Amino acid sequence: MPVAEGKSVQQTVELLTRKLEMLGAEKQGTFCVDCETYHTAASTLGSQGQAGKLMYVLHNSEYPLSCFALFENGPWLIADTNFDVLMVKLKGFFQSAKASKIETRGTRYQYCDFLVKVGTVTMGPSARGISVEVEYGPCVVASDCWSLLLEFLQSFLGSHTPGAPSVFGNRHDAVYGPADTMIQYMELFNKIRKQQQVPVAGIR
């Protein structure tokens, strides 16, 4: 969601949450999604001038016992929260990129069968953008309810309603799972990083 003209990130979030409350949505607590970036350690690349790979380790308060590890355009895995401890032990292979932590925090809203999360994306102390996540509870195949999701999104996002996420591309009729959501957060965080022109690693 772009920041409204002449408004700050926080003011735009307040405008969105006010629209949701006017629709009749009720607050249902808070949420947080964070992402730490790791790059392949220089010692593992050899002398062939290979490009290092980036791995993103994400946590989502909706899944407090899980940790999500994703490679850009590549495989992913869901592990338990001890995966963070494993990453420390693997520092000879993967190193944490400096100042790469990015997160979104905000409020959860329930509106009939829709769960909406509006968050402020931050890197360090500064707000960098806005995230909006919408889930339609009764349906597990995204393509079966995309037009309904789109109609609901238009009711409070107006002209800023997004197109279908890229994650739907290859798996149009597949059952939607938590990893699909985390892939979209990874893409959003990378898009915000690129807009801010913040390098996520010295090795790419």
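Within the chain, the selection of entire DSSP H helices by a Cα span of 24 Å or greater along the long axis and an average Kyte-Doolittle value of at least -1.0 returns 178-196.
The accessible-area ordering, largest first, of the residues Glu26, Glu187 stands as Glu26, Glu187, per a 1.4 angstrom probe. Summarising the amide proton neighbourhood of Glu62: residues at separation of 5 or more, or on other chains, whose placed amide H is nearer than 5 Å comprise Cys32. Using a probe of 1.4 angstrom and keeping all protein chains present, the accessible surface of the chain works out to 55 square angstrom per residue.
For the chain, the fraction of 1.4 Å probe accessible surface lying on carbon and sulfur atoms is 53 percent. Computed 3J(HN,Hα) for the stretch 70-78, one whole-Hz value per residue from the Karplus formula 6.51 cos²θ - 1.76 cosθ + 1.60 where θ = phi - 60°, is 10, 9, 4, 6, x, x, 9, 8, 10, glycine and proline marked x.
The values are calculated or read from the model by the stated rules, or taken from the named source; none is laboratory data. Note that the structure is a prediction, hence the values are computed from the model and not measured. What goes into the accessible areas is simple: the full protein's heavy atoms, side chains included, and nothing from ligands, DNA or RNA. Shrake-Rupley method; radii C 1.70, N 1.55, O 1.52, S 1.80 Å.
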